[in-house]
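There's a structure below that I have some questions on.
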Amino acid sequence: MALETQARNNWCPGCGNFAILNAVKAVLAELQGEGTSPDDVVLVGGIGQHAKMLDYVNVNSFYSLHGRALPPAEGIKLAKPETKVIVFSGDGDAYGEGMEHLVFAAKRNIDITLIVHDNRVYALTTGQVTPTSPQGFRSRSTPGGNLEKPINPLELVLAAGATHIARGYSANLPLLKKQVKEAILHKGFSLIDVLQVCVTFSNLYDHYNKHVYELKDHDPADREAALKKIREWDYNLEAPIALGTFYKTLEPAFDAEFLKALKPAAAGSRPELIKEVLKNYV
Amino acid sequence: MDNFSILIGGQAGYGIDKAGLILARLFNQLGYRVYIYRDYPSLIRGGHTFSIVRASKERICAHRNKVDFLLALNQETIDLHKNKLKAKGIAIYDSDVVKADGLGLPIGQIIKEENAPEISRNTCLIGAFAKAAGIDWPAFEAAIKQNMPKELEINLKVGKRGFDGARETVKIEKVNQPPLPILTGNEALSLGLIAAGLQAYVAYPMTPSSAILSFMAEAADKFSLKVLQPEGEIGVIMTALGFSYAGTKAAVGTSGGGFCLMTEGVSFAGMAELPIVIIVGQRTGPSTGLPTYTGQTELHFVLNAGQGEFPRLMVAPGDPEEAYYWGALALNLAWQFQIPAFILTDKTMAEGGFNFDLNSIKEVKEAALPKRAFPGDKGAVVKINSYEHDGSGLTTEDAAITKQMAEKRLRKGNDLAEELEKYESVKVYGNNNASTAILCWGSNKGVCVEAARKFGYKVIQPLVLSPFPVKQFEAAIKGVKKLICVENNSTGQLAQLIKLNGYSADQLILKYDGRPFDLDELEGELKKWL
Ligand SMILES: Cc1ncc(C[n+]2csc(CCOP(=O)(O)OP(=O)(O)O)c2C)c(N)n1
Ligand SMILES: [Mg+2]
């Protein structure tokens, strides 16, 4: 099955989103080869440049509202547990407008893969400050410089209960492919925060190239070590920026537990069962 | 006595609600039709709570403000309600804590002697009532056995002490009529949705709809329902729409405040053409308002909620049978037309207790899934989109497609209106030849129908509010010279809706203090406009 659609791509040339698109397509093709039909994949997106992914991949998709990618993803997973649900969201989408859903999806450890296109700017609305923009960031809504400190989304989802936490970089496609596949195969809530360069509103290529390194000799099962590594860079000050999987553990996933608790319907038609229920109310 | 009322009151936490339900079930078993009005504050403990249980040989859906028995577990109940007691009525009370005229029993003392828990004072009180009302012990004993299986022995003991300590004042006779289940509007509505094949219920608690969530959670095992309580109402509606996209029939329930948060999801459902049932249980607003009291203030809010233009079904059932029937139909029609469908209730209906006659309801068969692809179908790519989109679900800003899609949505609205002609979307009661008619919606139906009988009026109740059932309304209003609109709001929202459709009400009778009309009060209001 061809993964391309008829839609014309309208990201800027050089946009970091292309790397994510290519990684996802490559992984979907690979998974298909390994027996996961694209029929059993649903892509969910919020609103932002990131969500255009859905128009560009010929797979089932739910193009949701700004900030609201995770709730429908959870509904889909609970309705059809065999589905691989992959969510594309932005730093504004996931960490701003949709923060409560992020915290709760992580808390539930529902088996969903969340890929955040973290360009640290509101790209679609042409360049305002976001929850991961650094202090002092001059944007169209903070011409005098951002007064707030950014949040560290990895630390946040670790505290909330995510069981797979990684950071990628749009200029490292081989790693990104590996990360996307690993996250999709993980049973539980996984976040990949992708440092996705926005060439138009926040071009951080040089900055990232100077600071990124791949995690080595790091044990992702060690929560303390994970937290320490996650805190190495606070998305604000200059520091080494680790790429790779910080944390990974297997814990009961919400969807699996939910379905375990779900009973098959009692014998009899619904009208019959309703008559039975009504007997308790006389 | 073939039509009587009992008011039972005390502090929140005294088991007033339970005691009221037991009385209602007792009369039900004796062959009466019953109605329970529940009045309680937004508190767990403390504050004044009371129930009015009304029984009649005929079906009733409203309470009266004069009562035959006043049952008091504290002084406040007497002080607040003694003016409701009829001249020949009798107060029954715990003389250890209450000063009043009537039949006092040292209930506190009895409880101590029996080593019974505080909470069983209510059983002692209704035991005394049973004797005073001439109900024989076996009938009362059966009611306790049925309703208090947990602490049965001690409740029977305490109930018997109450019974023996009182004297017969009147004789409530048995009626030769089989009992019917007693349901709240919430319960009936839940069962209607289940009857039509509901598979998932998603909600965040909010009075007066919280009990639907509990009911569904309790019923989940029997009916294999997926019941979920997400992080808030935005999460609720968007999760439910995820279910819907995947082919799982879902409903959500809330009140006005929670519905405010859902509106972006409503518009999304309109654009993406995803079926969903949304229950809005109205309470006194604006804002947090009076959480446990009633109102009919969301008609225009729900009618207009969500940006953009898209068709919606909106129904307002007036009693539990209608809640069951229209709940089932709403789910079916949502799926048939791929639209959001709203069910408006209010606290009066949602939490009131009513007899429910399943046999009187036309059967609604579960609708088949529409002939469209769902994710997971072999070889199908199902793309839905909050942006305007082409037939394959891809985003578009093309002018011609935009216009086409808008017209497609309009067409669905027209088709829906046509489909609704098959159903009784406007109901008429009372004297069909009367030139004066009462216009009402939702829970006011019960009190209006009963009041109209006295005046020989006709009653017109639009059950469907969107799309407005123009033809059926025209037929109903024919020959009416004076139209009196009765509503629980301060602006006459239904009156405004009919005005938009070219009709006008001649008089408005409005009540907006959080309490529903009682029969005597409405009759008094109607008299003013004779
Ligand atoms: C409720 C709501 N508020 C605001 C917007 C406008 N809006 C569209 S995209 C966006 C920000 C996108 O930023 P981000 O999620 O980081 O995505 P990016 O475009 O950077 O990929 C905003 C504010 C909207 N569509 N909906
Ligand atoms: Mg962004």
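Which sequence of B:GLU397, A:GLU100 reflects their accessible areas, 1.4 Å probe, from the largest down?
Working: B:GLU397 165, A:GLU100 75 Å².
Result of the area sort, largest leading: B:GLU397, A:GLU100.
How much of B:GLU424 can a 1.4 Å solvent probe reach, expressed as accessible area in Å² and rounded to 10?
100
From the phi angles alone, apply the Karplus equation (6.51, -1.76, 1.60; θ = phi - 60°) to segment A:219-231 and give each ³J(HN,Hα) in whole Hz, x where the residue is Gly or Pro.
Result, rounded to whole Hz: 9, x, 7, 8, 5, 4, 5, 4, 4, 4, 5, 4, 7.
Relative contact order (percent) for segment B:1-54, with alpha-carbon contacts under 8 angstrom and 6 or more residues of separation?
Over segment B:1-54, the number comes to 50 percent.
Take every Cα pair under 8 Å in segment B:182-360 that's 6+ residues apart, average their separations, divide by the length, and report that relative contact order as a whole percent. Write down the numbers at each step before the final one.
On the way: 405 pairs, mean separation 54.2, N = 179.
The value is 30 percent.
Still on this structure, I have one more. In debye to the nearest 20, how big a dipole does segment B:426-527 give about its Cα centre with +1 on each Lys and Arg Cβ and -1 on each Asp and Glu Cβ?
On the way: 13 positive and 10 negative charges, 88 e Å.
In total the dipole reaches around 420 debye.
Taking chain A as a Gaussian network, Cα atoms linked when under 10 Å apart, which of A:PRO150, A:PRO13, A:PRO264 shows the biggest mean-square fluctuation?
A:PRO264
Report B:SER360's accessible area, 1.4 Å probe, all protein chains in place, as a number in Å² to the nearest 10.
80
How big is the gap, in Å, between the Cα center of segment B:73-138 and the Cα center of segment B:220-262?
Answer, in whole Å: 44.
Oh, and also: Other chains' Cβ within 10 Å of B:382-393 residues: what's the mean? Kindly include the intermediate steps, with their values, before the conclusion.
Details: counts 6, 12, 7, 8, 10, 6, 0, 2, 2, 0, 4, 7.
Mean inter-chain Cβ contacts per residue within 10 Å come to 5.
Given H placed on each backbone N at 1.01 Å, which residues far from B:THR169 in sequence or on other chains put an amide H within less than 5 Å of it?
Counting only residues 5 or more places away or on other chains, the set is B:ALA133, B:GLY134.
Cα gyration tensor of chain B, axes a ≥ b ≥ c as square roots of the eigenvalues: rounded (a/c below 1.5), prolate (a/b > b/c) or oblate?
Values: a/c = 2.36, a/b = 1.67, b/c = 1.41.
It comes out prolate by the Cα gyration axes.
Out of B:ILE78, B:GLN29, B:ASN122, whose Cα points farthest toward the positive end of the dipole of segment B:7-143 (charges: +1 Lys, Arg; -1 Asp, Glu; placed on Cβ)?
Going by the Cα projections, it comes out as B:GLN29.
Okay, next question. Suppose every Lys and Arg Cβ carries +1 and every Asp and Glu Cβ carries -1, with no other charges. What dipole size does the protein assembly as shown come out with about its Cα centre, to the nearest 20 debye? Mind showing how you got there, number by number?
Working: 88 positive and 90 negative charges, 335 e Å.
About 1600 debye.
A further question on this structure: Give me D for segment B:259-342 in µm² s⁻¹, whole number, from Stokes-Einstein with Rh from the Kirkwood sum over alpha-carbon pairs, 25 °C and 0.890 mPa s. Numbers along the way, then the final one.
On the way: Rh = 13.4 Å.
The diffusion coefficient I find is 182 µm²/s.
Something else now. Using a Gaussian network for chain A with springs between C-alpha atoms less than 10 Å apart, which of these wobbles most: A:HIS207, A:HIS164, A:HIS50?
A:HIS207
Please state the charge dipole magnitude for segment B:182-360, taken about the Cα centre, from unit charges on C-beta atoms (+1 on K and R, -1 on D and E), reported in debye and rounded to the nearest 20.
Details: 6 positive and 15 negative charges, 44 e Å.
Result for segment B:182-360 is approximately 220 debye, rounded to the nearest 20.
List the trypsin sites (Lys or Arg not before Pro) within segment B:21-127 that DSSP assigns to loop and that have no more than 11 neighbouring Cβ atoms inside 10 Å. List each step's numbers first, then the result.
Working: sites: B:ARG25, B:ARG33, B:ARG38, B:ARG45, B:ARG54, B:LYS57, B:ARG59, B:ARG64, B:LYS66, B:LYS82, B:LYS84, B:LYS86, B:LYS88, B:LYS99, B:LYS112, B:ARG121; in loops: B:ARG45, B:LYS57, B:ARG59, B:ARG64, B:LYS66, B:LYS99.
Qualifying residues, ordered by number: B:ARG45, B:LYS99.
Additional query: On the first, second and third principal axes, largest extent first, how far apart are the outermost C-alpha atoms of segment B:40-83 in Å?
So the extents along the principal axes, rounded to whole Å, are 36, 22, 14.
Just to confirm a number: summing +1 for Lys and Arg and -1 for Asp and Glu over residues other than A:LYS187 whose beta-carbon lies under 10 angstrom from that of A:LYS187, what do you get?
Working: positive: none; negative: A:ASP111, A:GLU251, A:ASP255.
My count for the surroundings of A:LYS187 gives -3.
To continue, here is another question. Would you list which aspartates and glutamates come within 20 Å of B:LYS481, measuring only between C-alpha atoms, while excluding same-chain residues fewer than 8 positions from it?
The qualifying aspartates and glutamates are B:ASP506, B:GLU523, B:GLU525.
Taking beta carbons within 10 Å but only from partner chains, what does the mean come to for residues B:220-230? The partial results should precede the final answer.
Values: counts 3, 6, 9, 7, 5, 3, 7, 2, 5, 0, 9.
Across B:220-230, the average partner-chain Cβ count within 10 Å equals 5.
Against the empirical 2.2 N^0.38 Å scaling, what ratio does the C-alpha Rg of chain A come to? Intermediate values should be presented prior to the final figure.
Values: Rg = 20.3 Å, N = 282, 2.2 N^0.38 = 18.8 Å.
This ratio for chain A stands at 1.08.
Something else about it: Peptide B:439-446: average number of partner chain Cβ atoms within 10 Å per residue?
Details: counts 0, 0, 0, 0, 0, 0, 0, 0.
The mean count of partner-chain Cβ atoms within 10 Å per residue comes to 0.
Sticking with this structure for a sec: What FRET efficiency do you get for A:SER37 and B:ASP520 if R0 is 60 Å and r is their Cβ-Cβ distance, rounded to the nearest 0.05? Provide the component values of the computation, followed by the final result.
Details: r = 67 Å, r/R0 = 1.12.
So the FRET efficiency works out to roughly 0.35.
Which value, in Å², gives the accessible area per residue of the protein assembly as shown when a 1.4 Å probe is used on the protein heavy atoms? Don't skip to the end; give the middle numbers.
Details: 30900 Å² over 812 residues.
The answer is 38 Å² per residue.
Around A:ILE110, with a cut-off of 11 angstrom between Cβ atoms, what is the net charge of the other residues, counting Lys and Arg +1 and Asp and Glu -1? Could you put the intermediate results ahead of the total?
Details: positive: A:LYS77, A:LYS107, A:ARG108, A:LYS187; negative: A:GLU74, A:ASP111, A:ASP255, A:GLU257.
Summing Lys/Arg as +1 and Asp/Glu as -1 gives 0.
Can you give me the solvent accessible area of B:THR288 with a 1.4 Å probe, rounded to the nearest 10 Å²?
For B:THR288, solvent-accessible area is about 90 Å².
Below 8 Å between Cα atoms, with a sequence gap of 6+, how large is the relative contact order for chain B in percent?
Working: 1194 pairs, mean separation 65.4, N = 530.
Reported relative contact order: 12 percent.
Let me ask another. Taking the simple approach of a point 7 Å from Cα along Cα-to-Cβ for both A:ASP206 and B:TYR512, what is their distance in nm?
Going by the 7 Å Cα→Cβ label model, 6.4 nm.
Give me the Kirkwood hydrodynamic radius of the protein assembly as shown in Å, from all C-alpha pairs, to one decimal place? Intermediate results must be reported in sequence, preceding the final value.
Working: mean 1/r = 0.0343 Å⁻¹.
Across the protein assembly as shown, the inverse of the average 1/r is 29.2 Å.
A further question follows. Once every DSSP H run of n ≥ 4 in chain B is given -39500 (n - 2.57) and the sum is divided by its residues, what mean residue ellipticity at 222 nm do you get, rounded to the nearest 500 deg cm²/dmol? Let's see the in-between values first.
Details: 18 runs with 210 residues, N = 530.
After summing the helix terms and dividing by the residues of chain B, the value is -12000 deg cm²/dmol.
The values are calculated or read from the model by the stated rules, or taken from the named source; none is laboratory data. Everything quoted here is computed from the prediction, not taken from an experiment. With ideal geometry, Cβ positions are generated from the backbone for all residues, glycine too; neighbour counts draw on all protein chains shown. Accessible surface is based on the protein model in full, side chains and every heavy atom, while ligands, DNA and RNA are left aside. Shrake-Rupley method; radii C 1.70, N 1.55, O 1.52, S 1.80 Å.
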